[in-house]
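The values are calculated or read from the model by the stated rules, or taken from the named source; none is laboratory data. Bear in mind the structure is a predicted one, so any value in this text is a computation, not a measurement. Here the Cβ positions follow ideal geometry from the backbone for every residue, glycine too, while neighbour counts run over all protein chains shown. Just the protein is used for accessible areas: all its heavy atoms, side chains included, with ligands, DNA and RNA removed. Shrake-Rupley method; radii C 1.70, N 1.55, O 1.52, S 1.80 Å.
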Amino acid sequence: MASGGGSGIGGKSMKAVAADVGDGYMVINPLVLKKFDKDMIKDLYEHLNKAMNAARNIAVPLNDILAMRQKNMKLQRLHNSIIVLRNTARERRVML
């Protein structure tokens with residue numbers, strides 16, 4: 001599989017991958033996850049959850065529509081990636 005030691009996609013750390021997913025620069029899908037071993041899946045799941053919690057804690061003024069939309073889009077991208085990751089882990093019988 002991919003080299004261990006916390007490596008992510010393209011030599012990036014899993015923290016950077018989770019940040020890129022939240023910002024919309026990367027998409028997590030089953031084809032990307034095909035190269036991942038069990039430890040990498042667990043590590044990415046952990047970092048996606050941390051990024052989701054950080055995005056939820058962003059304080060946005062209610063009258064700033066663009067900032068609110070950006071926050072919601074970030075949450076949506078992270079949530080969709082977590083769902084894809086959970087389904088892939090379930091198919092591979094990886095406990096998260």
Output ordering of 78-85, 59-66, 20-27 (per-residue mean of other Cβ within 10 Å, highest first) is 78-85, 20-27, 59-66
log10 of Debye I(q)/I(0), alpha-carbon scatterers only, for the chain at 0.12, 0.13, 0.25 Å⁻¹: -0.38, -0.44, -1.32
Apportionment of accessible area to carbon and sulfur, the chain, percent (1.4 Å): 55 percent
Hey, if you put +1 on the Cβ of every Lys and Arg and -1 on every Asp and Glu Cβ in the range 24-69, which of 36, 55, 68 ends up farthest toward the positive end of that dipole? 36
If each residue of separation counts as 0.36 nm, what is the full-extension length gain between residue 59 and residue 96 once their alpha-carbon separation is subtracted? 10.4 nm
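Can you sort 15, 38, 71 by 1.4 Å-probe accessible area, starting with the largest?
Numbers: 15 145, 38 120, 71 45 Å².
Order by accessible area, largest first: 15, 38, 71.
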Here the residues of the range 20-45 lying in the modelled label zone of residue 80, meaning backbone nitrogen under 16 Å from a point 7 Å along Cα-to-Cβ, are 20-33
Per residue, what accessible area does the chain have, given a 1.4 Å probe and all protein chains present, in Å²? 66 Å²
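Any idea what the dipole of the chain comes to, in debye rounded to 20, about its Cα centre with Lys/Arg Cβ at +1 and Asp/Glu Cβ at -1? List each step's numbers first, then the result.
Working: 16 positive and 8 negative charges, 46 e Å.
Dipole size: approximately 220 debye.
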Quick one: angle between helix 38-56 and the longest Cα principal axis of the chain, in degrees between 0 and 90, rounded to 10, please. 10 degrees
